[in-house]
1. Under 6 Å by Cβ, and 6 or more places apart or on different chains, what pairs join a residue from segment 215-227 that is in a strand (DSSP E or B) with one that is open to solvent by 20 Å² or more (accessible area, probe 1.4 Å) and of a type in the set (Gly, Ala, Ser)?
2. List the strands (runs of 3 or more DSSP E) that sit entirely inside segment 141-209 and contain at least 3 residues that are not basic (Lys, Arg).
3. Pairs needed: first member in segment 114-125, over 11 Å from Pro69 (Cα atoms); second member anywhere, part of a loop (DSSP other than H, G, I, E, B) and of a type in the set (Asp, Glu); C-beta distance under 7 Å; at least 6 residues apart or different chains.
4. Please pick out the residue among Pro128, Pro166 that is open to solvent by less than 50 Å² (accessible area, probe 1.4 Å), over 28 Å from Val211 (Cβ atoms) and at pLDDT 75 or above.
5. Checking the structure you have, find out if any residue of segment 79-96 is part of a helix (DSSP H, G or I), without any contact (Cβ under 8 Å) to a residue 60 or more places away in the chain and either loosely packed, with under 13 Cβ neighbours inside 10 Å or on the phi > 0 side of the Ramachandran plot (or both).
6. Conditions: (1) closer than 28 Å to Ile171 by Cβ; (2) open to solvent by less than 50 Å² (accessible area, probe 1.4 Å); (3) outside any loop (DSSP other than H, G, I, E, B). Lys122 meets all but one. Number of the miss?
7. So which residues in segment 225-242 are farther than 15 Å from Ile105 by Cβ and open to solvent by less than 50 Å² (accessible area, probe 1.4 Å), if there are any at all?
8. Can Asp193 be described as open to solvent by 50 Å² or more (accessible area, probe 1.4 Å) and free of Cβ contacts under 8 Å to residues at least 12 places away in the same chain?
Amino acid sequence: MAAVQVSEAEKVYIMHGVQDDLRVDGRGCDDYRHMEIETDVVSNTSGSARVKLGHTDILVGVKAEMSRPKLEKPNEGCLEFFVDCSANATPEFEGRGGEDLGTEIANTLYRVFDNGHNIDLKSLCICPMEHCWTLYVDVLLLQCDGNLFDAISVAIKAALFNTRIPKVQMIEDEEGTKEIELSDDPYDCMRLDVENVPCIVTLCKIGHRHVVDATLQEKACSMASLLVAVTRKGTITCVRKVGGGSLDPESVFEMIETGKRVGKALHTPLQEILQKEESLGKKRHKVGFLG
């Protein structure tokens, strides 16, 4: 992940500010930076979204393609993640520098969504053991300014909310051969229920306290972080420690409780923004991911 050089004096200044619940940019320990969300920004996808959190810029596209269900889950669709770290985000991602981070983020996303309750994968099944929809979720890191996991999880939820999957019918001829008929009406589509899709809250331990939505400078002062994936109802779907430092049990419990509280508070305005943007229809002012 992109890193910055912070002097010892700066670290002391940041740590003392966190102890007094006053961070360098004026936020409290549980506050997020300004977040901008825009959906339907890429035309050749089934759904897309762009999220800017501070200067962190994330673009997510979802493509729905037909495939064969997995043998262990013959009556469910599939969800695949791919993360690409653009070299424009930071010079550290040039060449193959961003591959390890991309793989780490993708593996974390698989863990977050691997419980069968976030998305109704059975609704993506067309014909058990034969045909299903596979959702390819492509994440592109355009700019990196800390707190990637949170921004990516919000962007994925927004993109899944924007996803439209064409309705299909299984038609059987006289010989018993099954054929798939795709609806040619662009408005005759299926929407995903994203109510239980979790958002990730990253908490960084700085001194004796922890902060939400850490900047790169604050990240440099932290030895360990905790990722907490929380649904709208407060259900925790995944907890993962990041970093080489250690966390005592009491700190872990406090960080999980904070993540649960902040995560629940994040879902409500996010859902309201997505529904409000969709209600505007064609009147909505589109910026586009190059805007």
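1. These pairs meet every condition: Ala224/Gly243; Ser225/Gly243.
2. Numbers: elements: 164-166, 168-172, 178-182, 189-191, 199-206.
Once the strands (runs of 3 or more DSSP E) in segment 141-209 are filtered for at least 3 residues that are not basic (Lys, Arg), what remains is 168-172, 178-182, 199-206.
3. Matching pairs, first to second residue: Asp120/Asp193.
4. Values: Pro128 fails: open to solvent by less than 50 Å² (accessible area, probe 1.4 Å).
When all the criteria are applied, what remains is Pro166.
5. So far as segment 79-96 goes, yes, one or more of its residues are part of a helix (DSSP H, G or I), without any contact (Cβ under 8 Å) to a residue 60 or more places away in the chain and either loosely packed, with under 13 Cβ neighbours inside 10 Å or on the phi > 0 side of the Ramachandran plot (or both).
6. (2)
7. Hits for segment 225-242 are Leu226, Val228, Val230, Thr231, Gly234, Thr237.
8. The answer is no for Asp193.
The values are calculated or read from the model by the stated rules, or taken from the named source; none is laboratory data. Treat the numbers as computed from the prediction; the structure is a model and nothing was measured. Neighbour counts run over all protein chains shown; Cβ positions are idealised from the backbone, glycine included. The area values use the complete protein model at the heavy-atom level, side chains included, leaving out ligands, DNA and RNA. Shrake-Rupley method; radii C 1.70, N 1.55, O 1.52, S 1.80 Å.
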